Every structure is written in structure tokens, then in C-alpha cells.
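Colleague: Below is the structure I would like to discuss, written out as C-alpha cells.
The values are calculated or read from the model by the stated rules, or taken from the named source; none is laboratory data. Just so it is clear, the model here is predicted, and its values are computed rather than measured. Cβ placement follows ideal geometry from the backbone for every residue including glycine, while neighbour counts extend to all protein chains displayed. These accessible areas exclude ligands, DNA and RNA; they are computed on the full protein's heavy atoms, side chains included. Shrake-Rupley method; radii C 1.70, N 1.55, O 1.52, S 1.80 Å.
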Amino acid sequence: QVQLVESGGGLVQAGGSLRLSCAASGSIFSINGMGWFRQAPGKQRELVAYITSGGTTTYADSVKGRFTISRDNAKSTVYLQMSGLKPEDTAVYYCRFNVPGTFVWGQGTQVTVSS
């Protein structure tokens, strides 16, 4: 059974940077898209960034120019480099892998940006 393990969250001051990682464990024959989502208290989960198997990226307007998604297929890992962090980026961040027939979610990692 595939599991996703996230790391890299934490507390940072506004303007700072963090790098999130999400690695898959277990047998994965193929991974299509990989994405990062976030959910702030009282809000719906939203897409932050997405990268296809071919490397095409998509970003939410609120993070364009500040966040960068990348993937290492050999390691079955996706990264989210976050710079210029703002208090409104505070949320639990979740990774999601699109594998044939289903989605697999990570457990979430807290990112808190202080003003």
C-alpha cells in the first residue's frame, strides 16, 4: 500500500522561506500528477501547485512568483519551495499523488507564518 510522508513544515516569519517534501513509500508503478494543497482553519482545501508527469506546472494565483513545485521521479518525491511567505499562507499543507485509478494523500504538515 502506498503512503505519502511529508516533511518541512514549521514556523517562519513573514518574508521567510520553507521547503516542503513529500515522498512515497511502498510500491508505485506509475505516478501521474503530483500536487500540493492547503487548508486554513475554517476554509476549504485549495490547490496550491500541481506538476504533471511531463513537468508542466500550475499555480494558484496567490502563490505565483513565490512558490515553486518540482518533482524527482527516481525518488517518487515532490517538493514545494516557498519563498516570500505571508501570514495568509498559514495552513496545513497536503501533498497528493495521482496514481492509476485513484488519488493518494499525505497526512499534512503545518505551516505557520508569523507577522
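Colleague: Show the residue pairs meeting these rules: Cβ distance below 8 Å; 6+ apart or different chains; first residue within segment 39-51 and farther than 14 Å from Phe97 by Cβ; second residue of a type in the set (Lys, Arg).
Modeller: From segment 39-51, the pairs are Gln39/Arg45; Arg45/Arg38; Glu46/Arg38; Val48/Arg38.
Colleague: Turning to a different aspect of this structure: Return the total of residues in segment 18-37 being open to solvent by 20 Å² or more (accessible area, probe 1.4 Å) and not aliphatic (A, V, I, L, M).
Modeller: The number of residues fulfilling the criteria is 9.
Colleague: Need the failing condition index for Thr58 against (1) surrounded by 15 or more Cβ atoms within 10 Å (Cβ to Cβ); (2) over 18 Å from Ala14 (Cβ atoms), just the number.
Modeller: Here Thr58 clears every test but (1).
Colleague: Are there any strands (runs of 3 or more DSSP E) wholly within segment 19-115 with 3 or more residues that are aliphatic (A, V, I, L, M) and in contact with a strand residue (DSSP E or B) (Cβ under 6 Å, 6 or more places away or on another chain), and if so which?
Modeller: 46-51, 77-82
Colleague: Being closer than 23 Å to Val2 by Cα and hydroxyl-bearing (Ser, Thr, Tyr) is true for just one of Ser83, Ser70, Ser62, Ser115. Which residue is that?
Modeller: Only one candidate qualifies: Ser70.
Colleague: Is it fair to say Glu88 is more than 15 Å from the chain's Cα centre (by Cα) and open to solvent by 50 Å² or more (accessible area, probe 1.4 Å)?
Modeller: Against the criterion (more than 15 Å from the chain's Cα centre (by Cα) and open to solvent by 50 Å² or more (accessible area, probe 1.4 Å)), Glu88 qualifies.
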